[in-house]
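Worksheet: the structure to be examined is printed underneath.
The values are calculated or read from the model by the stated rules, or taken from the named source; none is laboratory data. Being a predicted model, the structure only gives us computed values, none of them experimental. As a convention, Cβ positions derive from the backbone with ideal geometry for all residues, glycine included, and neighbour counts pool all protein chains shown. Surface accessibility is based on the protein's heavy atoms, side chains included, excluding ligands, DNA and RNA. Shrake-Rupley method; radii C 1.70, N 1.55, O 1.52, S 1.80 Å.
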Amino acid sequence: MVSQKLKIILHSAKGLSQLHVLGTMDPYAVVWIAGDGKDTKPCKTAVARNAASSPVWDCPMEFDVFPIHNNHILFCEIKHDGKLIDKKIGEVQVPFTDLLAGDASGEKVSYPVKTSSGEVKGEIILSHKFSERIDDKDCTNTGTGTVADAPRKKVKGKKEHEIIQQMAMTLAKKVATKAVLAGMTVVGAPSFDSTQNASGSSPQPED
């Protein structure tokens, strides 16, 4: 089993089911990967304003998947951006067996869109690419999710610990320096008596 980064570009859709909405449909899509009882964090495209049944998104997305199984499914849900409620237009389910079998260098592929009733109405066009294979022996967590973030968190924690140590040492040096200066006496400094004038002699009584 290996971990891979799945890069997707959701280009567009066409022939979508036309919902009964005020004005023209404003479609957007939400994409995620499900498998082994876990879902990845969903990615959302921008809203294609006034695009009706033929939106264009050209939206790049990335997913870290570990371990890769054939039972993983790429979900794409298309909705209309409504003022009060976002209505579902349709959805696409792409098995990983199809993605792995058709892993080309960003070649565009179309997949059918199904409405809530199960009717095929329209299609989406996307391209995908698997990259950055990582052996499972180098991975520390399981299930779908981001594996590449783990090493960066360790490095970040180490740097923060070093910074705290440096600040503590600097503070200790300052405290020690102040303590030394406070205990020092100045040798050879002239002492001034309120009965002496600026020349150092006692004032003489006037005749």
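Descriptive notes on the structure:
- Percent accessible area from carbon and sulfur atoms, the range 1-95, protein chains only, probe 1.4 Å: 53 percent
- Hydrodynamic radius of the range 12-131 per Kirkwood, over alpha carbon pairs, in Å: 14.9 Å
- Cross-link table Lys14/Lys88; Lys41/Lys83; Lys14/Lys87, entries beyond 21 Å C-alpha to C-alpha: Lys41/Lys83
- Projected area, mean over directions - the range 17-81, Cα convex hull, nm²: 5.2 nm²
- Charge context of Glu123, other residues only, Cβ under 11 angstrom, K/R +1, D/E -1: +3
- Under 18 Å from the Glu62 label point (7 Å along Cα→beta-carbon), backbone N, the range 86-103: none
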